[in-house]
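Notes for the one structure printed next.
The values are calculated or read from the model by the stated rules, or taken from the named source; none is laboratory data. On a predicted model such as this, the values are computed, not experimentally measured, just so you know. Don't worry about glycine lacking a Cβ; one is built from the backbone with ideal geometry, like all the others, and counts go over all protein chains shown. Note: accessible area is taken over every heavy atom of the protein model, side chains too, but ligands, DNA and RNA are not part of it. Shrake-Rupley method; radii C 1.70, N 1.55, O 1.52, S 1.80 Å.
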Protein chains: 4
Amino acid sequence: MILFTSDYTEGAHPRIIEKLAETNMEQTVGYGEDLYCEEAREAIKKVCEAPEADVHFLVGGTQTNFTVISSILRPFQGVLCADSGHINVHETGAVEATGHKVLALPSKEGKITGQQIKEYYDLHWSDESREHIVQPKMVYISHPTEVGTLYTKAELEDISSICKECGLYLFLDGARMGYGLMAPGTDVTLPDIVKCCDVFYIGGTKVGALFGEAVVITNPCLKQDFRYCIKQKGGMLAKGRLLGVQFLELFKDGLYFEISKHAIDMAMLLKDGLKEKGYEFFMDSNTNQQFIIVEDAKLQEIRQKYGVTYQERYDETHSVIRLCTSWATKEENVKAFLQDM
Amino acid sequence: MILFTSDYTEGAHPRIIEKLAETNMEQTVGYGEDLYCEEAREAIKKVCEAPEADVHFLVGGTQTNFTVISSILRPFQGVLCADSGHINVHETGAVEATGHKVLALPSKEGKITGQQIKEYYDLHWSDESREHIVQPKMVYISHPTEVGTLYTKAELEDISSICKECGLYLFLDGARMGYGLMAPGTDVTLPDIVKCCDVFYIGGTKVGALFGEAVVITNPCLKQDFRYCIKQKGGMLAKGRLLGVQFLELFKDGLYFEISKHAIDMAMLLKDGLKEKGYEFFMDSNTNQQFIIVEDAKLQEIRQKYGVTYQERYDETHSVIRLCTSWATKEENVKAFLQDM
Amino acid sequence: MILFTSDYTEGAHPRIIEKLAETNMEQTVGYGEDLYCEEAREAIKKVCEAPEADVHFLVGGTQTNFTVISSILRPFQGVLCADSGHINVHETGAVEATGHKVLALPSKEGKITGQQIKEYYDLHWSDESREHIVQPKMVYISHPTEVGTLYTKAELEDISSICKECGLYLFLDGARMGYGLMAPGTDVTLPDIVKCCDVFYIGGTKVGALFGEAVVITNPCLKQDFRYCIKQKGGMLAKGRLLGVQFLELFKDGLYFEISKHAIDMAMLLKDGLKEKGYEFFMDSNTNQQFIIVEDAKLQEIRQKYGVTYQERYDETHSVIRLCTSWATKEENVKAFLQDM
Amino acid sequence: MILFTSDYTEGAHPRIIEKLAETNMEQTVGYGEDLYCEEAREAIKKVCEAPEADVHFLVGGTQTNFTVISSILRPFQGVLCADSGHINVHETGAVEATGHKVLALPSKEGKITGQQIKEYYDLHWSDESREHIVQPKMVYISHPTEVGTLYTKAELEDISSICKECGLYLFLDGARMGYGLMAPGTDVTLPDIVKCCDVFYIGGTKVGALFGEAVVITNPCLKQDFRYCIKQKGGMLAKGRLLGVQFLELFKDGLYFEISKHAIDMAMLLKDGLKEKGYEFFMDSNTNQQFIIVEDAKLQEIRQKYGVTYQERYDETHSVIRLCTSWATKEENVKAFLQDM
């Protein structure tokens, strides 16, 4: 069985495993205050061109999202996001469990616009009964989105400037950040993200690490006491150096970008091959997630040999499926799959 | 610098690192539904002699505590524990953050008694204003406790039978379970714990794993939908197999018990050596944490070469310090330390 | 200035004021355990034909909604409701503040259908990733709805039977219950509501009382320890007898129904008069809230003499406004308003 | 049966009932934005000598406490209070239900000291593991306390200056404020409280109103968006003018102080009479709550004719009971009680 179900089907990039083995019996202090974490923080600040930023390591994405959001909002404030946003649909209400409403906006290909945000904001503040309504105070976007699409630099800057104008904090979920940065045609760089966002994270779990997400806080107002929040929400790993070692390796010699590029190459191989064979795409994605429409009978057949993710029903006889590549995807597997299609 | 500061100063037992490396490029499904997790669950049920139990893997201790507690209690219910209990003092109010009051009882050497529980329960239910008071519904104990002590089988059975009588759930925090089970003089076995508790966990983070805690739910009423809770609270690891691989290795050929025994041997070497040299103990512990009283000047000197944890002030010229051994402690380091004392 | 802005512009029905004055210096115990509360509970059970129900008095609607919902759901469960539902739009995220996601369904004229509920339920339970999604466990409906419409008995029974089939609790917000029961054409009675719902409340604030909502719990599984919830959520009035006295008076000699009928008569007078004058209605309502479309210039003019509630923009030159009648509405005021229109 | 059980056994002062009746059929806007509320806010600011303060009206004490506390603290912050404090013992964990730990300090006669606060603060900030511990950020005191005692002006100023020094917010629960201000021997005035506290409330429920608490926010940093908090937490009364009318009447012509004085006179009559008869006092109180030690047999006898509150067991044959006077206590009842003792 060959799995294209997700970007977390394997362990970690071999260099990370080696480094973990190599440093295994060293003694360090816990909770992210060791030297590996310190160096990894510096490496991330460097690649972000953000020497003043704070960097923190957490274990997983859902945890990162609710920890960041609940650290910032007051009880009556909510977070705007695409209705397809991960926090709105796939985190078992983790944000609401911290007390905050997720304010879902209709989205197009997983994205929202600055204009939508502005309109929502204006509607709230022009309403005489606004104290009876959740106050929007933060915007959450995913880049790449949950359906593989990307914001352009112009779109991102538009959202960012509207957020600044409205006093909304902009939080970018970069669980698949690497796959976005290395996508063909994107004009968004890591320093662009730094400039646009108040806080964001660089995903490790889906991009070569065993686990781990690196939160980067650029807005100084949001820095204070964030470590208390990590601890309270269960994200402070006792053996914090595991996160340091992994992120340090990922950001040494550009490994993070190199393996992200590999995933993209494999995704493009898949995309081009499927296009050639006449498959229709549900969403035009240049990142590591590809969404195609297949006949149900064909899907049955595919599943004899391959793991794919059922996304949704397309029509009575067709389904939408998701195919993921990753840092670990083997070219031979993509080719075998294409042949079978 | 040699660290005796905690039981999480190293990575994982070499056999775990090897197994993680060996299985690294295998493809598995995520979120704990892979075969390694399945086998690890079976191994744990076997060693617990609890074929009907549910076993779940979470990443860390604080996370495990608040996930278990909040999955069980209704909003107005609280959890009784020793005032020295980890959830009461060292989890940044993580349980309260889920909405529940921690009902701290005065403790002796880190322990509470069945009688204390019964009295608290009776006081609550005999109070005409009880609806104005948090309702006790759960008891949390640590075994070993935060100060290294252990419940006897009789004490545990007493607490358990009172909990059953009062309709209170008994939850045992076994972050250092292995070190308790292998302590000299203890009469408590894993199956005893199964019989006494409604839910408990077997710690991996402090006993040989990179991270991970295995929650064992024995009370059938507490099993339903626990995976939703894990996900919502951020404890569902995407690459769940990492937890499966680790726990499977720990419970193969008795590795968990063997390495726990090693930590205890090192702790007893330390204890006996220090006793011989005339050091006074703050707490009589037969587990891997030893608490001694040292002169402040001596402490200064120790800290030139060794990492130890400051516990509390003893008197004007003395401090209490904590020394931890673990599965990873080297005999030569203990001997060197003793020599320097 | 004559106000048609809401159904809480006056104090209480004079008989209630009299009764409060008359009983004012009597001494009673607090927190709803006095004889007035006891009698009022009996009166409500009688009119509901529900001798086994539990009845509790709370102060206001938002408070009642989040207290009931949070008393029932486990942390990962959510409540389905119309997107126009009060808990979704006008309670400042009060339900989310207790940790639960409000699962908004598209609504038609403020209502949802059994079929929508069934589809949502089926979608959830057929999803392999359902543990990553909030579990639907309760349905919240308003009767009358926020836009003045009513469920038919058949619709209500359909929702109820689907809820029972799916193990979902049905909670009915009856903040304007009286105005629904007395509406022309409705076939829904209070005993029908008892039969269909697991829990509901009869609004006092908007129907003749100074304040107060009577929660009726018919499902025995939801009764336990509800008073702890009321206290914790701030809804347990010290001088609880104020609620008892008011509800006792409302349900003596059918006062509640009589004054509700008056509000409906006034609303129908208004509706018929406006229809006659050619005004268009935004929503066809037979209850005490009437929604009409007016030219912006006309609205300006109206506001010189009358208070009305701006609902939403209709088109570039027209607005939708809400007009409320209540137990306190004077016929002369309605007639004056009609004349000015 | 004559009740001395609490200070909320009657309705409201007759002048309040009259005013409610008189204004009953007036039409006003809701939610505290009417003219009565506006005037009442002005009256309170005047009597507080605090023209810059914000004043808000809520319905009850528990509600006020958790609304104020949760509006101010970040998730990982807690509130220091006496272990006997109302929020710690008699609010069913309402503060914890909003996510915050109540940090109970040992108290003497219901009070805590500036020194205790300073020591707790210093201990926290000197602890290297402080991120694992709830951060103290607020101090809650009751004046009068739950056992009838009072802070002196010097004690209050000491607490206040330490709070300012440490960046802790000082919140004073004045549920029985009037009885404190009119107590013989007190040197604390309302303007003193304004100067010392960041936020406090003046209780209405126990001092002549049907219900209602007036929150006074003096620290400008705590003012923003408090009305959203009131609404979310269920404290925003639809017919808000009821609170305005009541507080306006209470602060017209000094009624609040006059009726508080009456309660104190009755309490002193009781105290002196009981002293004369040789009864021992559990606590020396100059406010409206008196705590005496009685033989169990005597208590049985008392309860034939009088309602009193059982406080706690004193010894095998004696109990501590609480006797409350209020604005409504009749001198003849006190005298009858004294005679029977």
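Listed values, structure above:
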{"item": "For segment C:30-61, residues shielded by at least 50 square angstrom of accessible area compared with the chain on its own, probe 1.4 Å", "result": "C:TYR31"}
{"item": "Accessible area of segment D:158-306 divided out per residue, in Å², using a probe of 1.4 angstrom", "result": "31 Å²"}
{"item": "Across the identical copies, how the C:GLU332 labels are spaced - nm, sorted shortest first, 7 Å along Cα→Cβ", "result": "4.4, 9.5, 10.4"}
{"item": "List B:ARG227, B:ARG313, ordered by accessible area with a 1.4 Å probe, largest first", "result": "B:ARG313, B:ARG227"}
{"item": "For chain A, built as a Gaussian network whose Cα springs stay under 10 Å, the top-fluctuating residue of A:LEU123, A:LEU248, A:LEU58", "result": "A:LEU123"}
{"item": "Cβ-placed point charges (K, R +1; D, E -1), dipole of the protein assembly as shown about Cα centre in debye, nearest 20", "result": "0 debye"}
{"item": "D:VAL95, D:VAL89, reordered so the largest accessible area comes first (probe 1.4 Å)", "result": "D:VAL89, D:VAL95"}
{"item": "Antiparallel bridge percentage (DSSP; both residues within segment C:108-228; nearest 5)", "result": "40 percent"}
{"item": "Relative contact order computed over chain C (Cα-Cα under 8 Å; 6+ residues apart), in percent", "result": "25 percent"}
{"item": "GluC sites (Glu not before Pro) restricted to DSSP loop in segment B:107-174 with at most 16 other C-beta within 10 Å", "result": "B:GLU109, B:GLU128"}
{"item": "For the axis carrying chain B to chain D: nearest C-beta residue of B, whole Å", "result": "B:GLU96, 2"}
{"item": "Distances in nm from D:LYS153 to the matching label points in the other copies, shortest first (labels 7 Å along Cα to Cβ)", "result": "6.7, 6.9, 7.2"}
{"item": "For B:MET283, residues with placed amide H under 5 Å, excluding near neighbours", "result": "B:PHE291"}
{"item": "Coil-residue GluC sites (Glu not before Pro) of segment C:20-59, DSSP, other Cβ within 10 Å capped at 11", "result": "C:GLU52"}
{"item": "For segment D:221-230, 3J(HN,Hα) per residue [Karplus equation, 6.51 cos²θ - 1.76 cosθ + 1.60, θ = phi - 60°, Hz, x = Gly/Pro]", "result": "5, 9, 7, 4, 6, 5, 5, 4, 5, 4"}
{"item": "Average projected area [Cα convex hull, segment A:155-234], square nanometres", "result": "6.1 nm²"}
{"item": "Efficiency of FRET from Cβ geometry, A:GLU331 and B:ASP284, R₀ 51 Å, rounded to 0.05", "result": "0.25"}
{"item": "Debye-sum result for segment C:192-307 in log10 I(q)/I(0), which assumes one identical scatterer on each alpha carbon, at q = 0.15, 0.23 Å⁻¹", "result": "-0.89, -1.32"}
{"item": "Beta bridge orientation in chain A: antiparallel %, DSSP, nearest 5", "result": "55 percent"}
{"item": "Value of Rg to Rh for the protein assembly as shown (Rh from inverse mean 1/r over Cα pairs, i.e. Kirkwood)", "result": "0.98"}
{"item": "Value of relative contact order over segment B:55-208, rounded to a whole percent, pairs C-alpha under 8 Å and six or more apart", "result": "21 percent"}
{"item": "Choice from B:GLY60, B:GLY208, B:GLY254 showing the highest fluctuation, given a GNM over chain B with Cα pairs closer than 10 Å", "result": "B:GLY254"}
{"item": "Selected from C:THR317, C:THR186, C:THR287 as most flexible by GNM, with chain C as the system and alpha-carbon contacts under 10 Å", "result": "C:THR317"}
{"item": "Phi to ³J(HN,Hα) by Karplus 6.51 cos²θ - 1.76 cosθ + 1.60 over segment D:151-168, Hz, x for Gly, Pro", "result": "6, 7, 4, 5, 4, 5, 5, 5, 4, 4, 6, 5, 4, 4, 4, 9, x, 9"}
{"item": "Portion, in percent, of the accessible area of the protein assembly as shown that falls on carbon or sulfur, probe 1.4 Å", "result": "49 percent"}
{"item": "Between segment C:221-274 and segment C:18-74, the alpha-carbon center distance in angstrom", "result": "9 Å"}
{"item": "Separation in nanometres of the label points that stand 7 Å from Cα toward Cβ, at D:LEU222 and D:LYS108", "result": "2.6 nm"}
{"item": "Solvent-accessible surface (1.4 angstrom probe) belonging to B:LYS335, in square angstrom, nearest 10", "result": "110 Å²"}
{"item": "Exceeding the 29 Å Cα-Cα cut-off - candidates B:LYS101/D:LYS271; D:LYS46/D:LYS206; A:LYS298/B:LYS233; A:LYS101/D:LYS223", "result": "B:LYS101/D:LYS271; A:LYS298/B:LYS233"}
{"item": "Helix-only [θ]222 nm of chain B, DSSP H runs n ≥ 4, -39500 (n - 2.57) each, per residue, nearest 500", "result": "-12000 deg cm²/dmol"}
{"item": "Most positive-pole-ward Cα, A:GLY208, A:TYR151, A:ALA238, against dipole of segment A:14-250 from beta carbon charges", "result": "A:ALA238"}
{"item": "Rg(Cα)/(2.2 N^0.38 Å) for segment A:14-250, N = residue count", "result": "1.01"}
{"item": "Summed buried accessible area for D+B [probe radius 1.4 Å, Å², rounded to 100]", "result": "1300 Å²"}
{"item": "Per-residue HN-Hα couplings for segment A:26-36 [Karplus 6.51, -1.76, 1.60; θ = phi - 60°; Hz; x = Gly/Pro]", "result": "5, 9, 9, 6, x, 6, x, 9, 8, 6, 4"}
{"item": "Ascending list, in nanometres, of distances separating the D:GLU312 label from those of the other copies (7 Å, Cα toward Cβ)", "result": "2.2, 5.8, 6.1"}
{"item": "Proximal aspartates and glutamates to A:LYS45, defined as alpha-carbon separation beneath 20 angstrom and excluding residues fewer than eight positions away on the same chain", "result": "A:GLU33, A:ASP34, A:ASP54, A:ASP173, A:ASP192, A:ASP198, A:GLU213, A:ASP225, A:GLU249, A:ASP253, A:GLU258"}
{"item": "Selection of GluC sites (Glu not before Pro), segment B:225-331, meeting DSSP coil and at most 13 other Cβ within 10 Å", "result": "B:GLU316"}
{"item": "Cα centroid separation, segment B:291-327 to segment B:129-165 (Å)", "result": "31 Å"}
{"item": "Solvent-accessible area of A:TRP125 with every protein chain in place, 1.4 Å probe, in Å² to the nearest 10", "result": "90 Å²"}
{"item": "Cα centre as origin, Lys/Arg/Asp/Glu Cβ charges: segment C:14-250 dipole, Debye", "result": "340 debye"}
